[in-house]
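Okay, structure first, notes after.
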């Protein structure tokens, strides 16, 4: 039997790298979109870290250029299309709202349209986000909870989410959205709070830094491991019918508690190093996110495998190794 082909946008990001590894292990041919917007080329460090960079077919392709999407889909005829590409940092979306709307929102529509024209029999995954719930309307958020986005990023993701539903219902495409709650790993970017914390803890432990500046440490999030969550993405596309699913742990934890786990792991007291800095408060805060993954558990036979504690320890240890290697 011929191996399936998967096309992934955002393959150089955290989720894209873990998904590529997951699919390669399942025997897929993996094609990755490589947007090139500077002479420095594409940063492949995550694929290198996972040891798979040489196994991915790289294609010059950009969500803002529908012609390049049509060309790549025509060339490779993928069985599965995963749209993970986005301007995905919430904080940046306030300073670059138009770019965020174009890449994160319209980019998804561009890919859906390219699929409709070239490869309508493929199966499509859209990376939706718990940030779409924003000012939460229910204490635990499920697939039926109303959305209330509180950032340009969340608004752009909501457009992409509803366009995915629209293409599914209007053109009968197999198109799913995974409403993923916060998911982290050693591959998370330094601009995200979990990695900012674990990297700072590593530097403080090694004597390379003396403090960690944070904003609202009482915000609550439902944190899981990206390695677990990409498996849910794949399982969505193996179902008989396309649908949308919340992917979460069902447990919410404050940033303060997450910091405490990280500092305790290296034998330090967070109160000696954490400084609250108003610069890091968002213009509109999302105070609590807590996902209800019961539908994913029932229909996909999926649940989170990695605890928050184990994930934070893994991230701190990885950052210590990185900084020791850089000395």
Query raised in the report: Just checking, how many residues over the stretch 195-209 are under 14 Å from residue 270 (Cα atoms) and touching a helix residue (DSSP H, G or I) at 6+ places or on another chain (Cβ under 7 Å)?
Result: 8
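Are any of the residues in the stretch 203-212 within 24 Å of residue 246 (Cα to Cα) and touching a residue at least 60 places away in the same chain (Cβ under 8 Å)? Lay out the reasoning, then the answer.
As a first pass, look at the stretch 203-212 and keep what is within 24 Å of residue 246 (Cα to Cα): none.
Scanning the stretch 203-212 turns up no residue that is within 24 Å of residue 246 (Cα to Cα) and touching a residue at least 60 places away in the same chain (Cβ under 8 Å).
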Query raised in the report: Tally time: how many residues in the stretch 73-95 are on the phi < 0 side of the Ramachandran plot, over 19 Å from the mean Cα position of the chain (by Cα) and in a loop (DSSP other than H, G, I, E, B)?
Result: 2
Query raised in the report: Is it the case that some residue within the stretch 118-130 is touching a residue at least 12 places away in the same chain (Cβ under 8 Å), assigned to a loop (DSSP other than H, G, I, E, B), under 17 Å from residue 220 (Cα atoms) and within 22 Å of the chain's Cα centre (by Cα)?
Result: no
Report task. Evaluate the following for residue 32: is it touching a helix residue (DSSP H, G or I) at 6+ places or on another chain (Cβ under 8 Å), part of a loop (DSSP other than H, G, I, E, B), assigned by TED's automatic domain parsing to the domain that holds residue 176 and closer than 21 Å to residue 164 by Cβ? Result -> no
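For the stretch 153-194, which residues satisfy the criterion of being assigned to a strand (DSSP E or B) and more than 16 Å from the chain's Cα centre (by Cα)? Please lay out each step first, then the result.
First, pick out the residues of the stretch 153-194 that are assigned to a strand (DSSP E or B): 174-180, 183-184.
Matches in the stretch 153-194: 174, 175.
Which of the residues spanning the stretch 271-299 are in a helix (DSSP H, G or I), in contact (Cβ under 8 Å) with a residue 12 or more places away in the chain and over 19 Å from the mean Cα position of the chain (by Cα)? Spell out the reasoning first.
We begin by selecting, within the stretch 271-299, every residue in a helix (DSSP H, G or I); these are 271-272, 278-280, 294-299.
Right, trim to in contact (Cβ under 8 Å) with a residue 12 or more places away in the chain and you get 278-280, 294-296, 299.
Correct list: 278, 279, 280, 294, 295, 299.
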Query - Any chance residue 249 is touching a strand residue (DSSP E or B) at 6+ places or on another chain (Cβ under 6 Å) and part of a loop (DSSP other than H, G, I, E, B) - result: yes
Report task. Give the residues of the stretch 300-327 that are assigned to a helix (DSSP H, G or I) and buried (at least 19 other Cβ atoms within 10 Å of the Cβ), sorted by residue number. Result -> 300, 308, 311, 312, 315, 316, 319, 320
Query raised in the report: Restricting attention to the stretch 132-152, and to residues there that are outside any loop (DSSP other than H, G, I, E, B) and modelled with pLDDT of 95 or more, which single residue is surrounded by the most Cβ atoms within 10 Å (Cβ to Cβ)?
Result: 132
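Scan 104, 12 and give me the residue that is within 15 Å of the chain's Cα centre (by Cα), surrounded by 14 or more Cβ atoms within 10 Å (Cβ to Cβ) and outside any helix (DSSP H, G or I). Before you say what the answer is, go through the steps one by one.
On the way: 104 fails: outside any helix (DSSP H, G or I).
Matching residue, one of 104, 12: 12.
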Query raised in the report: Does residue 265 fit the bill of being touching a residue at least 60 places away in the same chain (Cβ under 8 Å) and under 25 Å from residue 8 (Cα atoms)?
Result: no
Report task. Could you please find all residues in the stretch 208-237 being assigned to a loop (DSSP other than H, G, I, E, B) and under 14 Å from the mean Cα position of the chain (by Cα)? Result -> 222, 223
Report summary line: Exactly one of 69, 47, 99, 64 is in contact (Cβ under 8 Å) with a residue 40 or more places away in the chain and either outside any loop (DSSP other than H, G, I, E, B) or surrounded by 22 or more Cβ atoms within 10 Å (Cβ to Cβ) (or both), and that residue is 69
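The values are calculated or read from the model by the stated rules, or taken from the named source; none is laboratory data. Only a predicted model underlies this, so the values are computations on that prediction, with no experimental measurement involved. In this analysis, Cβ positions are derived from the backbone assuming ideal geometry, glycine residues included, and neighbour counts consider all displayed protein chains.
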